Amino acid sequence: MAIAPDRFSHFAAIDWSGAVGARQPGIAVAICTHGAEAPTLVAAEGGWSRAAALDWLASAMPPDTLVGLDLGPSLPFVDRGAFFPGWSDSPADARGLWRLVEAICADDPHLGASSFVDHDAIAPHLRRHGGRKGVFFEGRGRLRVTEEAQGLQGLNPTSALNLVGAAQVGKSSLTGMRVLHRLAGRLPVWPFDPLPASGSAIVEIYTTIAARAAGIRKGLSKMRDAESLDRALAALGSAPHRPLARYDDHATDAILTAAWLRTTAHRADFWAPPALTPYIAQTEGWTFGVS
């Protein structure tokens, strides 16, 4: 799958958050264009919220932007042939899952997903706070095929069915699904949608992949100062960044990953990984950059 170097005009990365509340300090948005200029942070009045991020994606993001969302757009399916084995209402594909999350969480404010987590038929498959481990949750939790592939690349993926601990990604994934559902028909999400010949597109990102590509060793992927960020950016061919008012994992991850997307968006192998079948594309999706 050949991708022209000028297929996209901008490259953006969004560090996501599943935290409860009207605003999410854990959301950070960075964007860059072609060339060597470092990505810059995009500000939102009053701070980012999931609704504000949705609005930016739908109407304010520049045309022809490749945007990476740091969240899991689906749940494990392939290993058991279902998201929630044994439940008659378990969706048949990822878009059905997005619709289900939206329907169950329709009354949850701020695009939250608490109602989904506590649903009687779904909770038994999850590991929740307070020692509430569902009867169907085993070991570290089920993984998607792309997450198994991440492990083979030396990464440390976490099951989206695990909602406990600092490394958990389940809440981000579920709240992100509400956003993806609302973007249906307006913004394609690869690989659930094919990459169109023009226009913007969303991909799933894992910021640690960008950190590894920038030469940051395992266990040291977090950058919390200007010097660390500039060293990583330089490894990706980027100029130094504009100084930030505050350095945290969210901002630096978004900046570095936007720069990484700029260097990798044209790579045909990233758009056609050998293990990505049509079945996986429609049920579990795939992380951009995992081969």
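Here are the numbers:
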| quantity | calculated |
| --- | --- |
| Per-region count, the stretch 175-218, residues part of a loop (DSSP other than H, G, I, E, B), under 16 Å from the mean Cα position of the chain (by Cα) and among the hydrophobic types (A, V, I, L, M, F, W, C) | 5 |
| Cβ-Cβ under 8 Å pairs, at least 6 apart or on other chains, the stretch 181-193 side of a type in the set (Asp, Glu), far side buried (at least 18 other Cβ atoms within 10 Å of the Cβ) | 193/201 |
| Residues (in a loop (DSSP other than H, G, I, E, B), modelled with pLDDT of 95 or more and either among the hydrophobic types (A, V, I, L, M, F, W, C) or touching a Leu at 6+ places or on another chain (Cβ under 6 Å) (or both)) located in the stretch 244-291 | 244, 265, 272, 275, 276, 286, 288, 290 |
| Residue under evaluation residue 284, criteria (1) of a type in the set (D, E, K, R); (2) free of Cβ contacts under 8 Å to residues at least 12 places away in the same chain; (3) not assigned by TED's automatic domain parsing to the domain that holds residue 190, criterion not met | (2) |
| Check on residue 151, in a loop (DSSP other than H, G, I, E, B) and either touching a Cys at 6+ places or on another chain (Cβ under 9 Å) or not aliphatic (A, V, I, L, M) (or both) | no |
| Residue ID - surrounded by the most Cβ atoms within 10 Å (Cβ to Cβ), chosen from residues in the stretch 259-289 that are of a type in the set (Phe, Trp, Tyr) and in contact with a Gly (Cβ under 9 Å, 6 or more places away or on another chain) | 260 |
| Test: residue in the stretch 122-136 that is in a loop (DSSP other than H, G, I, E, B), modelled with pLDDT of 95 or more and either on the phi > 0 side of the Ramachandran plot or of a type outside the set (A, V, I, L, M, F, W, C) (or both) | no |
| Filtered residues of the stretch 219-229 (kept if surrounded by fewer than 16 Cβ atoms within 10 Å (Cβ to Cβ) and in a helix (DSSP H, G or I)) | 226, 227 |
| Selection count, the stretch 39-83, where residues are aromatic (Phe, Trp, Tyr) and out of contact with any Phe, Trp or Tyr (no Cβ under 8 Å at 6 or more places or on another chain) | 2 |
| 1 or more residues farther than 27 Å from residue 245 by Cβ: qualifying helices (runs of 4 or more DSSP H) within the stretch 1-119 | 94-104, 114-117 |
| Filter pass, residue 152 being in contact with a Pro (Cβ under 6 Å, 6 or more places away or on another chain), of a type in the set (A, V, I, L, M, F, W, C) and on the phi < 0 side of the Ramachandran plot | no |
| Any hit, the stretch 110-127, residues being surrounded by fewer than 20 Cβ atoms within 10 Å (Cβ to Cβ) and under 26 Å from residue 13 (Cβ atoms) | yes |
| The listed residue being within 18 Å of residue 200 (Cα to Cα) and in contact with a Ser or Thr (Cβ under 8 Å, 6 or more places away or on another chain), out of 257, 252 | 257 |
| Residue list for the stretch 145-155, restricted to those being closer than 24 Å to residue 250 by Cα and touching a residue at least 24 places away in the same chain (Cβ under 8 Å) | 146, 147, 150, 153, 154, 155 |
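The values are calculated or read from the model by the stated rules, or taken from the named source; none is laboratory data. Model, not experiment: these values are computed from the prediction. Heads up, the Cβs are rebuilt from the backbone with ideal geometry, glycines too, and the neighbour counts pull from every protein chain shown.
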